[in-house]
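Notes for the one structure printed next.
The values are calculated or read from the model by the stated rules, or taken from the named source; none is laboratory data. Here the structure is a predicted model, which is why all the values come from computation and not from measurement. A quick note on method: Cβ atoms are made from the backbone with ideal geometry, for glycine too, and the neighbour counts reach across all protein chains shown. Areas reflect the complete protein model, heavy atoms only, side chains present, ligands, DNA and RNA absent. Shrake-Rupley method; radii C 1.70, N 1.55, O 1.52, S 1.80 Å.
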Amino acid sequence: MIKLFKVKEKQREIAENANGKAPVKKQSAGELRLHKDISELNLPKSCSISFPNGKDDLMNFEVTVRPDEGYYFGGIFVFSFQVSPMYPHEAPKVKCKTKVYHPNIDLEGNVCLNILREDWKPVLNINTVIYGLFHLFTQPNHEDPLNPDAAAVLRDNPKMFASNVKRAMAGGYVGQTFFARCI
């Protein structure tokens, strides 16, 4: 009896060795989809993407958001993205690396964005997530907070909220919490 899988495996080994090149790593469906999403990015002019581990590691990258309006105008906020091989069936994991006084981002960098949780669908893409993050800075939402203190101030006293955001972005304390300068 011929063992078909052994024959195919041997043929693949011979082909790889004949080239004199290292075997090519097969990309997962998630990597293929992510590559397509990144090649089709249409970012707002105030957002940029970088690959700190090099272009060979597409599954981990950073997005920088520089809001051009609203409370956070002039700030620079960096988000790390970790994309699972199960993407797009699983939402990317997004963390804010910049400590920020924001109702929808807690002090550990967790982001409250519905499309990263219960509203994620495989038809969404990285571009959609980046626009969602950008939107958080132009329209912070006090109704779905991760930072309830910031949300209460935004809801009850928008002028004080604006003052707290400016103080935090300039590098200073808001209450007992210190924020590094991000302007």
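Can you find a residue in the range 58-81 that is farther than 26 Å from Val174 by Cβ, more than 10 Å from the chain's Cα centre (by Cα) and open to solvent by less than 40 Å² (accessible area, probe 1.4 Å)?
Kept after step one, since they are farther than 26 Å from Val174 by Cβ, are these residues of the range 58-81: 58-61, 81.
Within this subset, residues satisfying the condition of being more than 10 Å from the chain's Cα centre (by Cα) are 58-59.
Then keep just the ones that are open to solvent by less than 40 Å² (accessible area, probe 1.4 Å); that gives 58-59.
Yes, the range 58-81 contains at least one residue that is farther than 26 Å from Val174 by Cβ, more than 10 Å from the chain's Cα centre (by Cα) and open to solvent by less than 40 Å² (accessible area, probe 1.4 Å).
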The condition from (1) open to solvent by 60 Å² or more (accessible area, probe 1.4 Å); (2) within 20 Å of Val63 (Cβ to Cβ) that Phe137 misses is numbered (1)
- Message: Looking at the structure I just gave you, is Thr98 within 17 Å of Val65 (Cβ to Cβ), open to solvent by 20 Å² or more (accessible area, probe 1.4 Å) and hydroxyl-bearing (Ser, Thr, Tyr)?
- Response: yes
Just checking, does the range 110-129 include any residue being closer than 30 Å to Lys26 by Cα and among the aromatic types (Phe, Trp, Tyr)?
yes
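This table checks each residue for (1) of a type in the set (A, V, I, L, M); (2) modelled with pLDDT under 95; (3) in contact with a helix residue (DSSP H, G or I) (Cβ under 7 Å, 6 or more places away or on another chain).
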{"site": "Leu58", "(1), (2), (3)": "yes, yes, yes"}
{"site": "Gln82", "(1), (2), (3)": "no, no, no"}
{"site": "Lys97", "(1), (2), (3)": "no, no, no"}
{"site": "His102", "(1), (2), (3)": "no, no, yes"}
Within the range 156-171, residues being in contact with a strand residue (DSSP E or B) (Cβ under 7 Å, 6 or more places away or on another chain) and surrounded by fewer than 17 Cβ atoms within 10 Å (Cβ to Cβ) number 2
Pairs returned, first residue in the range 107-119 that is over 27 Å from Ala180 (Cβ atoms), second residue that is crowded, with 16+ Cβ neighbours inside 10 Å and modelled with pLDDT of 95 or more, beta-carbon separation under 8 angstrom, 6 or more apart or interchain, are Ile115/Ala91; Ile115/Leu124; Ile115/Val129; Ile115/Gly132; Arg117/Ala91
Hey, Lys45 part of a loop (DSSP other than H, G, I, E, B), more than 30 Å from Lys159 (Cβ to Cβ) and of a type in the set (D, E, K, R) or not | no
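Among the candidates Val129, Val174, Val153, which residue alone is more than 21 Å from Glu62 (Cα to Cα), among the aliphatic types (A, V, I, L, M) and either open to solvent by less than 20 Å² (accessible area, probe 1.4 Å) or in contact (Cβ under 8 Å) with a residue 12 or more places away in the chain (or both)?
Working: Val129 fails: more than 21 Å from Glu62 (Cα to Cα); Val153 fails: either open to solvent by less than 20 Å² (accessible area, probe 1.4 Å) or in contact (Cβ under 8 Å) with a residue 12 or more places away in the chain (or both).
Checking each option against the conditions leaves just Val174.
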